[in-house]
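Asks: Take this structure, written in structure tokens, and hold onto it; I'll ask about it next.
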Amino acid sequence: MNRSNITTLAAALAVALVLLLPCAALAQPGTPANSVIGFPGAGVLQAGDLWDSFLPQAFGPYYGEGATYPTQGARQFIRFGNFDRGWSTPNAHWPAAFHWTIFWSHYMHAQVFHADSNFNPTKQGVAAPATGNWGQVTYKPGVLGDGAPRKYSVEPYFVDGTRRQHAVYEAGWPTNTGCDVKIRAHAWTGPNWNNFNDFVILEIEFKNTGQRDMNLDGAADAALADPAIQAISLVMSGEIFMSVSSYLGGGRNENLIGEKFTRMGGWVGDPDPSGNPWGFVAYYAGARTQSPTAGNFNMGYNGVTKRAYTDIWIGWDWLGAKSGGLPTDPTQLTNALPTRNTIFGTHPVGTGGQQGWYLSAGSGGSLAGRFTDPKEMFTVGIGEFARNGGSSRTLAQLDLSPNPAFFASGTTGDVTTWVPLASPGQPNGDQKTLNTFDQTPLEDGTGYPTGWGKWTTGYNFAHDFNGDLYSGIGPVRIEKDSSVTFVLAIVGGYRLEGVQKAVRAARYVYANGSASVPVLPALPDMKVSNTLTKSVRVEWDDRAEADPEFQGYKIWKSSNFKKKAWLDEGMRLADRYQEQMTVGADITSLKKPVNPKFDAFAEVAGTSLKGLYQPDTWGTWELVKVVPKADLATFPKTTTPGYKYLYEDKDVVLGFSYWYYVSAYKEGTYTGPAGETTARMETHSTNRDGANGLWQKTFPFAPNNPNYPKTAAGKKDIGAVQVVYSALAAAGDVANVGVRPNPYKRAALHDNFSNVYDHKLLFYNLPPQCKITILDVSGQIIDQFDFSSSDPSLGATFWDMFSKDGIEVASGLYIYVVESPTGGKKTGYFSILR
């Protein structure tokens, strides 16, 4: 064996070793999910740029089910985010760690039909008509088997160990229908290239045990002649809010609507680049007004009062249904299982030119508001197959007779009797074929290749809490003792093109399996800390170098005092900034375009705050250093145990906030959807400020939350902000204590100016122990607090500018007195200008 082969073999073995090593800091499979405060059993996935939360019905109730949960059981099958009406967990946040979400909530319901009216003998949950043919998949505590193995949850974990690219959440529970449910959600921290980090795939297994308990009284219902679940449909729904902000407290901080504007959602039916229909639903911020007058096309505001042009889109896409259950190996998907067709013999979704044909889609008014009536939910869930399964957007006009475009015969209400035509056309009982648009779609593909960024086919609707966007899959039969798995992708991105590419990536990964996500180098473990000279140390390990195609590192930085314009940067860079390879290079070509129809530039420039943002834990990221593999031999090393390399950032300002991450990049030839290739890929921002990439009970931008970690290790795991502090002065030495900024002006550069309550003064050069007293000019004590630190690099503290009585202090001149236990005393002055 020659030398080069030995080297290659050694590198390959090293990669295998790194990927097999467990990481004690990361949750392991088998650990019950307990990191969602108040909702044990729920889980959060925050790998990559699409973050979301999952509350299975057995681990509720969410805030709207509290009264009925103990008696009638849970109705929402799965809830995604906003469990507590406080938005304390991600709710389809995109990009990673961004503060806002567009949803009030999104959720899934499951309902079943059986031709035997004794299927639901007590008609539990059926509003009208009072028949026993329909039932909602429901869970009630204490009656269905609350212990493992039927009911369980698994804290989200990385299935690939220290590489930290593929995260999984799992749960299971029994239901009233006799179906035991298991769910497994997958998220990838994959490369930004081709949007491999912008989706979550959710697999939902139903195993029919045949042991029904529809009224949840703890006694099995009488057996039926046909023990199958004859028809089941799932409906995914969402209620849009467009602008919810979670910030310092880690819950709902404010909504950013403030003015009337258009919240839009609908079905995208235009051809994709291959010529087949896209076939998925999405929510987005439409234009507040549309007219030929300049300044009236002002779409994309996810924070209207702040003129925040982010143009974030969130959607979902039913990927299919499979015969069989979840693989034992959580790294594997169900893609290899046989496809389970509908009871009418169609593909569960539709393929090729029929992509999306056999999914329902709709919105509006009363249709999605009757979640407790399984007959109505079943009807809209299979709405395309019905004569009127929602096409009129009116509950009273639902008509569960067979759609004449598809069926030759059948009994109204009994889908098991419907017989398809010899050559059926597209079923059209839902809304997606109507081509009705409450607002003219403002995405017309301008500037994009064929099949991207265009929406002229399908439908949309203007949403003002008047009915939710939904789409359904089914009906599917589940034999006794057999399993069916439904698969859904949740997607996010910038503008329509962003979600289209996320949909394409999700479909590609599901069709080809987990291994189709490009393998990145192991994510560097890193540590960020202050120095005694008011600089920042960034240290990281060398695990990424085990990858034989590893070519170097990049150091990225986000600085909160650098105010940016949404129209200039923001989400326009979220998917492409990693393509930079030269510090300080012009990155204009990497910015995705603002919607060319947008013409409200004057209103965005109205004040110094409108249209501006401060970089934060989500970015915008600035490239500060590239370290090629060839330079590592001479690159500065660190003596900190567990780490190898050291970068010292001296371009920082005392009292200001920063975020860093170290990425590892590799070079070669990598193939993605449609055969597209790239020569370079790199790891994600998952490790920013040392974060481990898993949910830590609250957002990384929420230091005021009571669950925010207090220890250094906990702050590292969550990716806490790095504030540059002064070094600790000698004991008793208060001579050089100072205050900044002085005078304080709203907004100080280190404040988060999007939050009116975030304002603070920094006291620096403090000794290990002292008391700080703040007085007004009349000598009245406004506030008083103690400072204590044993960290040599932490000789500073912030004052939040609230009095001891909890009142914001007014503009004026103030006196501060700093006293040490040994008698040292320093008196000074500062002023506040509101």
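Residue-wise test of (1) under 24 Å from I382 (Cβ atoms); (2) touching a Pro at 6+ places or on another chain (Cβ under 8 Å).
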{"site": "F297", "(1), (2)": "no, no"}
{"site": "G300", "(1), (2)": "no, no"}
{"site": "A308", "(1), (2)": "no, no"}
{"site": "D311", "(1), (2)": "no, no"}
{"site": "G320", "(1), (2)": "yes, yes"}
{"site": "G325", "(1), (2)": "yes, no"}
{"site": "P330", "(1), (2)": "no, yes"}
{"site": "R340", "(1), (2)": "yes, yes"}
{"site": "F344", "(1), (2)": "yes, yes"}
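Asks: Here are some conditions: (1) surrounded by 22 or more Cβ atoms within 10 Å (Cβ to Cβ); (2) part of a loop (DSSP other than H, G, I, E, B); (3) not small (G, A, S). P548 meets all but one. Which one does it not meet?
Replies: Of the numbered conditions (1) surrounded by 22 or more Cβ atoms within 10 Å (Cβ to Cβ); (2) part of a loop (DSSP other than H, G, I, E, B); (3) not small (G, A, S), the odd one out for P548 is (1).
Asks: Also, I was wondering about something else. With the structure loaded, tell me whether N435 is buried (at least 17 other Cβ atoms within 10 Å of the Cβ) and in contact with a Ser or Thr (Cβ under 9 Å, 6 or more places away or on another chain) or whether it fails that test.
Replies: no
Asks: Continuing with this model, one more query. Which of the residues belonging to region 657-681 are surrounded by 22 or more Cβ atoms within 10 Å (Cβ to Cβ) and within 13 Å of P521 (Cα to Cα)?
Replies: V662, S663, A664, Y665, K666, M681
Asks: Out of all the residues in region 418-428, which are of a type outside the set (A, V, I, L, M) and either free of Cβ contacts under 8 Å to residues at least 60 places away in the same chain or in contact with a His (Cβ under 6 Å, 6 or more places away or on another chain) (or both)?
Replies: Step one: filter region 418-428 for residues of a type outside the set (A, V, I, L, M), giving 418, 420, 423-428.
Those that are of a type outside the set (A, V, I, L, M) and either free of Cβ contacts under 8 Å to residues at least 60 places away in the same chain or in contact with a His (Cβ under 6 Å, 6 or more places away or on another chain) (or both): S423, P424, G425, N428.
Asks: List the strands (runs of 3 or more DSSP E) inside region 149-246, counting only whole elements, that have at least 3 residues being within 30 Å of T305 (Cβ to Cβ). Quick ask: steps written out before the conclusion?
Replies: Details: elements: 152-158, 166-174, 179-188, 199-208, 229-246.
Here the list reads 229-246.
Asks: Could you tell me whether any residue of region 41-59 is open to solvent by 20 Å² or more (accessible area, probe 1.4 Å) and among the hydroxyl-bearing types (S, T, Y)?
Replies: No, because not a single residue in region 41-59 is open to solvent by 20 Å² or more (accessible area, probe 1.4 Å) and among the hydroxyl-bearing types (S, T, Y).
Asks: For region 214-235, what are the residues that are open to solvent by less than 10 Å² (accessible area, probe 1.4 Å) and closer than 27 Å to T417 by Cβ? Steps first, please.
Replies: From region 214-235, those open to solvent by less than 10 Å² (accessible area, probe 1.4 Å) are 214, 216, 228-229, 231-235; that's our starting set.
Listed by number, the residues that qualify are M214, A228, I229, A231, I232, S233, L234, V235.
Asks: Report yes if G48 is in contact with a Phe, Trp or Tyr (Cβ under 7 Å, 6 or more places away or on another chain), closer than 16 Å to P90 by Cα, among the small types (G, A, S) and part of a strand (DSSP E or B), otherwise no.
Replies: Numbers: in contact with a Phe, Trp or Tyr (Cβ under 7 Å, 6 or more places away or on another chain): yes; closer than 16 Å to P90 by Cα: yes; among the small types (G, A, S): yes; part of a strand (DSSP E or B): no.
So G48 does not fit the description; no.
Asks: Need pairs with beta-carbon distance below 7 Å; first residue within 11 Å of P424 (Cβ to Cβ) and within region 388-408, second part of a loop (DSSP other than H, G, I, E, B) and open to solvent by less than 30 Å² (accessible area, probe 1.4 Å); sequence gap 6+ or separate chains.
Replies: Every condition considered, the pairs that remain are P402/W418; N403/P427; N403/G429; A405/G425; A405/P427; F406/G425; F406/P427; F407/W418.
Asks: Looking only at residues in region 621-634 that are in contact with a strand residue (DSSP E or B) (Cβ under 6 Å, 6 or more places away or on another chain) and open to solvent by 20 Å² or more (accessible area, probe 1.4 Å), which one is farthest from P95 (Cα to Cα)?
Replies: K629
Asks: Hey, another quick one. Looking at region 472-486, is at least one residue open to solvent by less than 10 Å² (accessible area, probe 1.4 Å) and modelled with pLDDT under 95? Quick ask: steps written out before the conclusion?
Replies: Residues of region 472-486 that are open to solvent by less than 10 Å² (accessible area, probe 1.4 Å), as a first pass: 472-476, 478, 484-486.
Imposing the further condition that a residue be modelled with pLDDT under 95 reduces the set to none.
No: zero hits.
Asks: Assuming A321 fulfils every condition listed in (1) part of a loop (DSSP other than H, G, I, E, B); (2) buried (at least 23 other Cβ atoms within 10 Å of the Cβ) apart from one, which condition is it?
Replies: Unmet for A321, out of (1) part of a loop (DSSP other than H, G, I, E, B); (2) buried (at least 23 other Cβ atoms within 10 Å of the Cβ): (1).
Asks: Tell me the residue from N704, N736 that is assigned to a loop (DSSP other than H, G, I, E, B), modelled with pLDDT under 90 and either open to solvent by 40 Å² or more (accessible area, probe 1.4 Å) or of a type in the set (V, I, T) (or both), please. Working first, answer last.
Replies: Numbers: N736 fails: modelled with pLDDT under 90.
Going through N704, N736 in turn, just one is assigned to a loop (DSSP other than H, G, I, E, B), modelled with pLDDT under 90 and either open to solvent by 40 Å² or more (accessible area, probe 1.4 Å) or of a type in the set (V, I, T) (or both): N704.
Asks: If we scan region 333-354, do we find a residue that is out of contact with any Phe, Trp or Tyr (no Cβ under 7 Å at 6 or more places or on another chain), under 18 Å from N428 (Cβ atoms) and not in a loop (DSSP other than H, G, I, E, B)?
Replies: yes
Asks: Do we have any residue at all in region 364-386 that's assigned to a loop (DSSP other than H, G, I, E, B), among the basic types (K, R) and at positive phi?
Replies: So in region 364-386, the residues assigned to a loop (DSSP other than H, G, I, E, B) come out as 364-366, 370-373, 382.
Still in the running and among the basic types (K, R): 370.
Those still in the list that are at positive phi too: none.
No - not one qualifying residue is present in region 364-386.
Asks: With the checklist (1) open to solvent by 10 Å² or more (accessible area, probe 1.4 Å); (2) free of Cβ contacts under 8 Å to residues at least 60 places away in the same chain; (3) farther than 30 Å from G30 by Cβ in hand, flag the one item P338 doesn't pass.
Replies: (3)
Asks: Would you say T485 is part of a loop (DSSP other than H, G, I, E, B) and within 23 Å of S237 (Cα to Cα)? Break it down stepwise before answering.
Replies: Details: part of a loop (DSSP other than H, G, I, E, B): no; within 23 Å of S237 (Cα to Cα): yes.
Criteria not met by T485.
Asks: Moving on. Filter region 282-305 down to residues that are crowded, with 23+ Cβ neighbours inside 10 Å and either among the acidic types (D, E) or within 23 Å of P90 (Cβ to Cβ) (or both), then give me how many there are.
Replies: Residues meeting the conditions: 8.
Asks: Just the residues that are outside any loop (DSSP other than H, G, I, E, B) and either free of Cβ contacts under 8 Å to residues at least 60 places away in the same chain or within 26 Å of P700 (Cβ to Cβ) (or both), please, taken from region 603-629. Walk me through it before giving the result.
Replies: The initial filter retains those residues of region 603-629 that are outside any loop (DSSP other than H, G, I, E, B), namely 603-604, 612-613, 616, 619, 622-629.
Of everything in region 603-629, those that are outside any loop (DSSP other than H, G, I, E, B) and either free of Cβ contacts under 8 Å to residues at least 60 places away in the same chain or within 26 Å of P700 (Cβ to Cβ) (or both) turn out to be L612, Y613, D616, G619, E622, L623, V624, K625, V626, V627.
Asks: Anything in region 264-281 that is open to solvent by less than 10 Å² (accessible area, probe 1.4 Å) and either basic (K, R) or outside any loop (DSSP other than H, G, I, E, B) (or both)? List them, or say none.
Replies: Taking region 264-281 as the starting set, the residues that turn out to be open to solvent by less than 10 Å² (accessible area, probe 1.4 Å) are 264-266, 268, 270, 278-281.
Within region 264-281, M264, G265, G266, V268, F280, V281 qualify.
Asks: Do we have Y448 as surrounded by fewer than 24 Cβ atoms within 10 Å (Cβ to Cβ) and over 20 Å from V181 (Cα atoms) here?
Replies: Numbers: surrounded by fewer than 24 Cβ atoms within 10 Å (Cβ to Cβ): yes; over 20 Å from V181 (Cα atoms): yes.
Yes, satisfied.
Asks: As an exercise: evaluate G584 against (1) outside any helix (DSSP H, G or I); (2) small (G, A, S); (3) on the phi < 0 side of the Ramachandran plot and give the number of the one condition it does not meet.
Replies: (3)
Asks: How many residues, within region 392-404, are under 19 Å from L421 (Cβ atoms) and open to solvent by 20 Å² or more (accessible area, probe 1.4 Å)?
Replies: Final tally of qualifying residues: 2.
Asks: Is region 116-123 home to any residue that is surrounded by fewer than 21 Cβ atoms within 10 Å (Cβ to Cβ), hydroxyl-bearing (S, T, Y) and in a helix (DSSP H, G or I)? Working first, answer last.
Replies: Here is the first cut: in region 116-123, the ones surrounded by fewer than 21 Cβ atoms within 10 Å (Cβ to Cβ) are 116-118, 121-123.
The next check asks that each one be hydroxyl-bearing (S, T, Y); those that pass are 117, 122.
Adding the requirement that they be in a helix (DSSP H, G or I) leaves 117.
Within region 116-123 (the criterion being surrounded by fewer than 21 Cβ atoms within 10 Å (Cβ to Cβ), hydroxyl-bearing (S, T, Y) and in a helix (DSSP H, G or I)), the answer is yes, since at least one residue qualifies.
Asks: Something else now. Which pairs turn up if I take residues in region 578-599 that are free of Cβ contacts under 8 Å to residues at least 60 places away in the same chain and open to solvent by 60 Å² or more (accessible area, probe 1.4 Å) and look for partners that are acidic (D, E) and not in a helix (DSSP H, G or I) with beta carbon separation below 9 Å, at least 6 apart in sequence or on another chain?
Replies: V583/E622
Asks: While we're on this one: Being out of contact with any Ser or Thr (no Cβ under 6 Å at 6 or more places or on another chain), assigned to a loop (DSSP other than H, G, I, E, B) and either basic (K, R) or open to solvent by 10 Å² or more (accessible area, probe 1.4 Å) (or both) is the requirement here; does V126 meet it? Before you say what the answer is, go through the steps one by one.
Replies: On the way: out of contact with any Ser or Thr (no Cβ under 6 Å at 6 or more places or on another chain): yes; assigned to a loop (DSSP other than H, G, I, E, B): yes; either basic (K, R) or open to solvent by 10 Å² or more (accessible area, probe 1.4 Å) (or both): yes.
When the stated conditions are applied, V126 passes them.
Asks: Which one of these does F763 not meet: (1) surrounded by fewer than 21 Cβ atoms within 10 Å (Cβ to Cβ); (2) of a type in the set (F, W, Y); (3) modelled with pLDDT of 90 or more?
Replies: Answer for F763: the failing condition is (1).
The values are calculated or read from the model by the stated rules, or taken from the named source; none is laboratory data. Worth saying up front: this structure is predicted, and the values here are computed from it rather than measured. Ideal geometry is used to build each Cβ from the backbone, glycine not excepted, and the neighbour counts take in all protein chains shown. Accessible surface areas use protein heavy atoms only, side chains included; no ligands, DNA or RNA. Shrake-Rupley method; radii C 1.70, N 1.55, O 1.52, S 1.80 Å.
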